[in-house]
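The values are calculated or read from the model by the stated rules, or taken from the named source; none is laboratory data. Because the structure is a prediction, the values reported are computed rather than measured. We place every Cβ from the backbone using ideal geometry, glycine too, and count neighbours over all the protein chains shown.
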Amino acid sequence: ARAGEGQKAQKGQKAGEGQKAGEGQKGQKAGEGQKAGEGQKAGQETSRDPNAGGDRARPVALVILQVRPADLHPLEGGRPGPLLSPLPLRGPTALFRVLETLTAAVRVRQVGVVMGPGGDAEAEAVVRAACADRDVRLFCEAGDALTQIVGGLRDLAAGPEQVVVRVTADCPLLCPEVVDAAVEVLIDGGHDYVSTDLGSGVLPAGLDVEATYARLLYDLDGACDRREDRERVTHLIFRPPTRHRVHELSPGELGPALERSGRYYASFRLYGDADGQRVLGKVTALLDRQAEPRALSTLLRLLDLHPEWRQGMRHVLRGAAAPQR
């Protein structure tokens, strides 16, 4: 009898242990399910409305690269226009360089190229091929500059709170971290408009970036009638007096390489137009020889070594009310 009772107790103990193990397994599965649910929720939050401003953890900006007919017209002697000229000789074109920069910026999720009519037909075909190679949307829009840009934004279905970065195509030495800084300062600082130069910028001319929201450009398109203002695109957003919160990127926001520079670097003119081709060819030749990736600090260090490339301060002393390019 005692042996039978011991056997029953042993069976009961094993059953209890099995029951506890089952409950532990259920708890483990419940914990895994809770973690999976939290991961799914986080994924849903990350993939929320792509037109929203967003946070610092993901790319949010839509870049509009503006190509003007003058950038495509052949130069004297049948040489390619400034945008399609190799930099340096037998190197990548200015268009390739600026597209490479924009697609490398971590805060950029999409790039659209807006090209107005009136350019050279063969050059336009080259632009189309370059955009196709980079999976970049190309829009051919008629009208003034503001009409072209707003048309491109609508074709891209940009919502009112979409962060928009405007860049002109004659800036082949633009650096990704300048684009990222403009986007981050716009969002984190609660600004309506951020620019690299509102009259006292510290960057070389030719590294120009503007960041704003699509709603401001849509409002401007409906309210602005003067053709001169429409060609300047953002002029009425930042021109004093303005009700918008505008901000010029400071040296500290652009990195330690600029903190002690004052306006020294602003005296370098690095636009990819006909006048800037000579200096651009020399700068890009040196940049391409560097072992490190191209960055703002690399570019500024090269400019430090060649003060003879400075072209005076006249082109940057234009004040905050002067028209932007």
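Note on region 173-183: residues that are more than 10 Å from the chain's Cα centre (by Cα) and assigned to a helix (DSSP H, G or I) amount to 0. Look at region 104-141 and say how many of its residues are within 15 Å of the chain's Cα centre (by Cα) and assigned to a helix (DSSP H, G or I). Looking only at that region, the number is 1.
A quick yes/no check of all residues on (1) under 26 Å from Pro307 (Cα atoms); (2) in contact (Cβ under 8 Å) with a residue 24 or more places away in the chain:
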{"site": "Val165", "(1), (2)": "no, yes"}
{"site": "Ala169", "(1), (2)": "yes, yes"}
{"site": "Glu177", "(1), (2)": "yes, yes"}
{"site": "Ser195", "(1), (2)": "yes, yes"}
{"site": "Ser200", "(1), (2)": "yes, yes"}
{"site": "Asp208", "(1), (2)": "yes, yes"}
{"site": "Asp219", "(1), (2)": "no, no"}
{"site": "Arg230", "(1), (2)": "no, yes"}
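Taking the condition over 17 Å from the mean Cα position of the chain (by Cα) and of a type outside the set (S, T, N, Q), does Leu220 pass? So Leu220 fits the description; yes. For first residues located in region 62-91 and without any contact (Cβ under 8 Å) to a residue 60 or more places away in the chain and hydrophobic (A, V, I, L, M, F, W, C), partners that are part of a strand (DSSP E or B) and surrounded by fewer than 23 Cβ atoms within 10 Å (Cβ to Cβ) and lie 6+ apart or on another chain with Cβ distances below 9 Å form the pairs Leu84/Thr93. Does Asp273 meet the test of being part of a loop (DSSP other than H, G, I, E, B) and either of a type in the set (Phe, Trp, Tyr) or touching a helix residue (DSSP H, G or I) at 6+ places or on another chain (Cβ under 6 Å) (or both)? Here the answer is yes, as Asp273 does meet what is asked.
Screening Arg134, Arg107, Arg154 for residues that are buried (at least 23 other Cβ atoms within 10 Å of the Cβ) and under 29 Å from Val185 (Cβ atoms) leaves exactly one candidate, Arg107. Look at (1) more than 25 Å from Val164 (Cβ to Cβ); (2) modelled with pLDDT of 85 or more; (3) in a helix (DSSP H, G or I) and you find that Thr101 fails only one, number (1). Ser261 meets each of the listed conditions (1) farther than 18 Å from Gly91 by Cβ; (2) crowded, with 16+ Cβ neighbours inside 10 Å; (3) at pLDDT 75 or above apart from (3). Among the residues here, Thr212 does not qualify as among the polar types (S, T, N, Q), modelled with pLDDT of 95 or more and out of contact with any strand residue (DSSP E or B) (no Cβ under 8 Å at 6 or more places or on another chain). Please indicate, with yes or no, whether at least one residue in region 143-156 is over 20 Å from Leu220 (Cβ atoms), outside any helix (DSSP H, G or I), at pLDDT below 95 and not hydroxyl-bearing (Ser, Thr, Tyr). No, region 143-156 contains no residue that is over 20 Å from Leu220 (Cβ atoms), outside any helix (DSSP H, G or I), at pLDDT below 95 and not hydroxyl-bearing (Ser, Thr, Tyr). Within region 73-104, the set of residues being out of contact with any strand residue (DSSP E or B) (no Cβ under 6 Å at 6 or more places or on another chain), crowded, with 18+ Cβ neighbours inside 10 Å, more than 18 Å from Ala182 (Cβ to Cβ) and among the aliphatic types (A, V, I, L, M) comprises Leu83, Leu87, Ala94, Leu95.
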